[in-house]
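Reading through the structure tokens given below for one structure.
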Amino acid sequence: MIYHANQCDPRKCSGKKLARFNLVRLTHHISQLRPYIVLSPFSEKALSPEDKGARGLAALDCSWAHAEEVFARFRLQERALPFLVAANPVNWGKPFKLSTVEALAAGLVILGEKSQAELILSKFNWGHVFLELNREPLSEYAAARDSAEVVRIQNEYMSE
């Protein structure tokens, strides 16, 4: 599920593209995200394999310039993604600046759904590069026991 804030260029929007392929549902009602784990760069808890029992993943598709204000307005079950590097053309090589499809794919890999991550990334000519760039950390995050271990692994990558 993706909450779409209509703040990005529709031609470059990975969330809208996923919806065109019927791989996600878009919503304009934040209340529809309540049952899901919402990926948020502002969460204090990292996504980890211990979150596997949740109903599903959700993302907020909004401009990075407005992300903090959008996330601050809502109380949701949020999880942050650990250190990963973007492969999308807009933020190539930038840590933590993932597109919506990259964020969802990373979450799926961490939750043990790698084939689903590969499917959604396959709709983008650069999608496979995201998994290649982040192969090692994603593998380690997916093998972690809990959020604390994900953060420990992340800190090792960030100190390198």
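The values are calculated or read from the model by the stated rules, or taken from the named source; none is laboratory data. Because the structure is a prediction, the values reported are computed rather than measured. Positions of Cβ are backbone-derived with ideal geometry, glycine not excepted, and every protein chain shown enters the neighbour counts.
A few comments on the model shown:
- For the stretch 105-119, the condition holds for no residue, the condition being that it is closer than 25 Å to Ala19 by Cβ, touching a residue at least 24 places away in the same chain (Cβ under 8 Å) and over 15 Å from the mean Cα position of the chain (by Cα).
- Within the stretch 27-48, the set of residues being of a type in the set (A, V, I, L, M, F, W, C) and over 15 Å from the mean Cα position of the chain (by Cα) comprises just one member, Ile30.
- Leading residue by the ranking (modelled with the lowest pLDDT) among those in the stretch 57-87 that are touching an Asp or Glu at 6+ places or on another chain (Cβ under 8 Å) and either assigned to a helix (DSSP H, G or I) or of a type in the set (A, V, I, L, M, F, W, C) (or both): Phe71
- Screening the candidates Leu18, Leu33, Leu23 for the property of being out of contact with any His (no Cβ under 6 Å at 6 or more places or on another chain), at pLDDT 90 or above, surrounded by 20 or more Cβ atoms within 10 Å (Cβ to Cβ) and not aromatic (Phe, Trp, Tyr) yields one hit, Leu18.
- Within the stretch 103-160, the residues that satisfy the criterion of being outside any helix (DSSP H, G or I) and on the phi < 0 side of the Ramachandran plot are Leu111, Glu113, Ser122, Lys123, Phe124, Asn125, Trp126, Asn134, Ala144, Arg145, Asp146, Glu160.
- Residue that is surrounded by the fewest Cβ atoms within 10 Å (Cβ to Cβ), among those in the stretch 87-107 that are out of contact with any strand residue (DSSP E or B) (no Cβ under 6 Å at 6 or more places or on another chain) and closer than 18 Å to Ile153 by Cα: Phe96
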